[in-house]
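Enquirer: Please read through the structure below; I'll follow up with questions.
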Amino acid sequence: MKAFRLDELEAERAANDGAYLQFLRERNMSVGLYALDAGSIDPQQPHAQDEVYLVVSGRAAITVGAETQPVARGSVVYVPAGVPHKFHHISEDLRVMVVFSPPES
């Protein structure tokens with residue numbers, strides 16, 4: 001078993017000065033913590049993998065393809081591989097768990 005604490009992951013991500021921390025990588029998936037501060041710009045480009053986002057904290061909107069949806073703690077969003085997507089209108093610091101399948105390359 002592998003177990004993680006969100007506060008420890010957030011501290012590690014912040015210590016590495018990055019918006020994204022991959023903390024689990026297995027044969028069929030990878031998992032990371034993505035952080036965007038209020039008012040920031042999401043620089044993402046489409047990925048070659050399917051993704052699932054679980055919003056851990058914060059508030060924003062996400063656009064996936066032509067659809068836009070508000071997100072907050074507890075929101076879960078599926079993004080198919082290759083589809084353009086961005087978080088925007090980030091009104092509260094956003095912390096998002098990201099699951100890639102297959103693993104992010």
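The values are calculated or read from the model by the stated rules, or taken from the named source; none is laboratory data. Bear in mind the structure is a predicted one, so any value in this text is a computation, not a measurement. Positions of Cβ are backbone-derived with ideal geometry, glycine not excepted, and every protein chain shown enters the neighbour counts. With ligands, DNA and RNA removed, areas are computed over all heavy atoms of the protein, side chains included. Shrake-Rupley method; radii C 1.70, N 1.55, O 1.52, S 1.80 Å.
Residues checked against (1) surrounded by 12 or more Cβ atoms within 10 Å (Cβ to Cβ); (2) of a type in the set (D, E, K, R); (3) touching a Ser or Thr at 6+ places or on another chain (Cβ under 8 Å):
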position: Glu8; (1), (2), (3): no, yes, no
position: Val56; (1), (2), (3): yes, no, no
position: Thr63; (1), (2), (3): yes, no, no
position: Arg73; (1), (2), (3): yes, yes, yes
position: His88; (1), (2), (3): yes, no, yes
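Enquirer: While we're on this one: Which of the strands (runs of 3 or more DSSP E) found entirely inside segment 61-105 contain at least 1 residues meeting this: out of contact with any Lys or Arg (no Cβ under 7 Å at 6 or more places or on another chain) and on the phi > 0 side of the Ramachandran plot? Before you say what the answer is, go through the steps one by one.
Expert: On the way: elements: 67-72, 76-79, 85-101.
Where strands (runs of 3 or more DSSP E) fall fully within segment 61-105 and carry at least 1 residues being out of contact with any Lys or Arg (no Cβ under 7 Å at 6 or more places or on another chain) and on the phi > 0 side of the Ramachandran plot, they are 85-101.
Enquirer: Go through segment 28-41 and give me each residue that's over 13 Å from Lys86 (Cβ atoms) and crowded, with 17+ Cβ neighbours inside 10 Å. Please lay out each step first, then the result.
Expert: Narrowing segment 28-41 to residues over 13 Å from Lys86 (Cβ atoms): 28-33, 35, 37-39.
Hits for segment 28-41 are Ser30, Val31, Gly32, Leu33, Ala35.
Enquirer: Can you name every residue in segment 17-27 that is loosely packed, with under 10 Cβ neighbours inside 10 Å and within 25 Å of Ser40 (Cα to Cα)?
Expert: First, the residues of segment 17-27 that are loosely packed, with under 10 Cβ neighbours inside 10 Å: 17, 27.
If the condition is that a residue be loosely packed, with under 10 Cβ neighbours inside 10 Å and within 25 Å of Ser40 (Cα to Cα), then Asp17 is the only one that fits.
Residues checked against (1) over 13 Å from the mean Cα position of the chain (by Cα); (2) part of a loop (DSSP other than H, G, I, E, B); (3) under 20 Å from Ala60 (Cβ atoms):
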residue	(1), (2), (3)
Phe4	yes, yes, no
Gly18	no, yes, yes
Phe23	no, no, no
Ala38	yes, yes, yes
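Enquirer: From (1) open to solvent by 20 Å² or more (accessible area, probe 1.4 Å); (2) over 13 Å from Ser101 (Cβ atoms); (3) in contact (Cβ under 8 Å) with a residue 40 or more places away in the chain, pick out the condition that doesn't hold for Asp50.
Expert: It is condition (2) that Asp50 fails.
Enquirer: Which one of the conditions (1) assigned to a loop (DSSP other than H, G, I, E, B); (2) open to solvent by 40 Å² or more (accessible area, probe 1.4 Å) does Gln44 fail to meet, given that it meets all the rest?
Expert: (2)
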